[in-house]
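The values are calculated or read from the model by the stated rules, or taken from the named source; none is laboratory data. The shown structure was predicted, so the numbers you read here are calculated from the model rather than taken from an experiment. Glycine also receives a Cβ, built like all others from the backbone with ideal geometry; neighbour counts cover every protein chain displayed.
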Amino acid sequence: MKPSNCPHDHPDCPLPADVERLRRELEALRELVSVDELTGLFNFRFLKRALASEMERTRRTGLSTGLVMVDLDHFKQGNDTHGHENGNLALQAAARTWQTQMRKIDIPCRYGGEEFVIILPNTRIQDAVHVAERLRWELAATDVELSTGTIRLTASFGVDEYREGESLTPDAFIHRVDMFVLAAKNEGRNRVCYDRERTARPVTEVTAQERASLFRKRKP
């Protein structure tokens, strides 16, 4: 028999309480999705889990975790000039450009708005700076096609490294890198900023574990 409060003809139509439960379960599943719908990069939720995991790996193995934070320059002004849809195209173009420059183990994430964070497992700060410089150059050299015409994008980069023995939470690590993004903006944008004293640590040969990790593909 059809439930008395069911507005439909189907005999298995769920009761309102069941509908609400299904709605909550669907929302929970959506929150578990690891990929940003617009850019195809990992999303903020995945970023927090992955960064905590990589920092724990550093504590266990002694292999550093590099972190690159990126903020597209003058993005809000560009949105006002070219429109929100073109702003989305610009975000997608930046994501595509950077994805072609990543190792298999790197974890590119959309942090929010026009900000991105890239986790670099098993990466010293010297190498992380080189990655950031390459990403900066590639973005600035790439034509981006919008409905209003072709533009070039630039971005401000902050770079840092989490080392074994440091007492630092993922949020504190992100905040530390964000300070270098702010410095890059204050120094004129389209540049990479980092703690130059930390790059003074001698670079040794890549370990066998680091070489092997380059061939393990990370999936959402």
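Anything in segment 103-126 that is touching a Gly at 6+ places or on another chain (Cβ under 9 Å) and on the phi > 0 side of the Ramachandran plot? List them, or say none.
Asn122
Say we look at segment 59-90 and pick out the residues that are assigned to a helix (DSSP H, G or I) and either surrounded by 21 or more Cβ atoms within 10 Å (Cβ to Cβ) or small (Gly, Ala, Ser) (or both); which of these is nearest to the chain's Cα centre (by Cα)?
Of everything passing the filter in segment 59-90, Ala90 is nearest to the chain's Cα centre (by Cα).
Given the options Leu72, Leu67, name the one that is in contact with a helix residue (DSSP H, G or I) (Cβ under 7 Å, 6 or more places away or on another chain), hydrophobic (A, V, I, L, M, F, W, C), modelled with pLDDT of 80 or more and within 22 Å of Asp143 (Cα to Cα).
Leu72
What pairs come out if I take residues in segment 118-130 that are more than 18 Å from Leu41 (Cβ to Cβ) and pair them with residues that are among the β-branched types (Val, Ile, Thr) and surrounded by fewer than 24 Cβ atoms within 10 Å (Cβ to Cβ) whose C-beta lies under 6 Å away, six or more apart or interchain?
Filtered contacts from segment 118-130: Ile125/Thr199; Gln126/Thr199; Gln126/Val203.
Restricting the first residue to segment 97-114 and requiring it to be in contact (Cβ under 8 Å) with a residue 24 or more places away in the chain, which pairs with a second residue that is buried (at least 16 other Cβ atoms within 10 Å of the Cβ) and acidic (Asp, Glu) meet a Cβ separation below 6 Å and a spacing of at least six or different chains?
Hits for this filter: Arg110/Asp36.
Can you pull out the residues in segment 104-132 that are within 19 Å of Lys76 (Cα to Cα) and out of contact with any strand residue (DSSP E or B) (no Cβ under 8 Å at 6 or more places or on another chain)?
Result: Gly112, Gly113.
Condition (residue is buried (at least 16 other Cβ atoms within 10 Å of the Cβ) and over 30 Å from Ala200 (Cα atoms)) applied to segment 163-182: is it met by at least one residue?
no
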